[in-house]
Amino acid sequence: GAGVSQSPSNKVTEKGKDVELRCDPISGHTALYWYRQSLGQGLEFLIYFQGNSAPDKSGLPSDRFSAERTGGSVSTLTIQRTQQEDSAVYLCASSLDWKTDTQYFGPGTRLTVL
Amino acid sequence: GNSVTQMEGPVTLSEEAFLTINCTYTATGYPSLFWYVQYPGEGLQLLLKATKADDKGSNKGFEATYRKETTSFHLEKGSVQVSDSAVYFCATDTGRRALTFGSGTRLQVQP
């Protein structure tokens, strides 16, 4: 079946603007994860969803970052008042459920904040 | 929390050379260990994994053995190909269902 999809693939925005990044997990996967890949910080965990709830938001770097998941499927990561240090590739992954350790990654959204 | 340390790259090898990329971890409990690969222009792909001590994960000629006594999960391949050129990430789960990644090792294989 189809893998994890993310949109847009690239996003260029101006400092101070809000952006929304979308993730569509593998069908039937109940667990969903967001990570960020940047040159200075490597791969960092941001947030994890099991169904529609987020039991672990510990990786969100500031209150400008938020995420939601509706219908147990699609998730949106929102960054408000973007800063240049938010420039990174944002990766989404999904797994069958919270007990399953194998995560499948999407192609990522490259965000550039000018 | 759990953490992973892997050797810095880039690692440059000739085709058919033997590859080792070192990875060590610190963790509480008994985490699962993973190697992910990122080919140029592509997303992260799971290469192999091991879920308990002494398990060996293998895929596409790559192997890694979960060594609890040395807290290591070194990636090896007997004969690399140009098509193996990529960035390799060692990772462990954190017990919070998130993955903690190493900094990545870039492998360049020359013909």
### Single condition B:S58 does not satisfy, out of (1) free of Cβ contacts under 8 Å to residues at least 24 places away in the same chain; (2) farther than 26 Å from A:R36 by Cβ; (3) surrounded by 17 or more Cβ atoms within 10 Å (Cβ to Cβ)
(3)
### Query
Given the residues B:K49, B:K68, which is the only one that is surrounded by fewer than 17 Cβ atoms within 10 Å (Cβ to Cβ) and of a type in the set (K, R)?
B:K68
### Message
I'd like the full set of residues that are in a helix (DSSP H, G or I) and either without any contact (Cβ under 8 Å) to a residue 60 or more places away in the chain or surrounded by 16 or more Cβ atoms within 10 Å (Cβ to Cβ) (or both), limited to the range A:54-98.
### Response
A:E85, A:D86
### Qualifying positions in the range A:23-48 - closer than 15 Å to A:S94 by Cβ and more than 10 Å from every other protein chain (Cβ to nearest Cβ)
A:C23, A:D24, A:P25, A:I26, A:S27, A:G28, A:H29, A:T30, A:L32
### Task
Kindly indicate the residue of the range A:99-114 that is among the polar types (S, T, N, Q) and not in a loop (DSSP other than H, G, I, E, B) and also nearest to the other protein chains (Cβ to nearest Cβ) among those meeting that condition.
A:T109
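Say whether the condition of being of a type in the set (D, E) and within 14 Å of chain A (Cβ to nearest Cβ) is met by at least one residue in the range B:37-46.
From the range B:37-46, those of a type in the set (D, E) are B:42; that's our starting set.
Filter again for within 14 Å of chain A (Cβ to nearest Cβ), leaving B:42.
The answer is yes; a qualifying residue exists.
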### Message
Please count how many residues of the range B:11-35 are surrounded by fewer than 18 Cβ atoms within 10 Å (Cβ to Cβ), part of a loop (DSSP other than H, G, I, E, B) and modelled with pLDDT under 95.
### Response
3
### Query
How about the range A:1-51: which strands (runs of 3 or more DSSP E) wholly inside it have at least 1 residues that are among the aromatic types (F, W, Y)?
A:31-38, A:42-50
### Message
Looking only at the range A:82-94, count every residue that is in contact with a Phe, Trp or Tyr (Cβ under 7 Å, 6 or more places away or on another chain) and either modelled with pLDDT under 90 or within 10 Å of chain B (Cβ to nearest Cβ) (or both) and tell me the total.
### Response
3
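The values are calculated or read from the model by the stated rules, or taken from the named source; none is laboratory data. Since we're looking at a predicted model, the values are computed, not measured. Cβ coordinates were reconstructed from backbone atoms using ideal geometry, including for glycine residues, and neighbour counts include every protein chain displayed.
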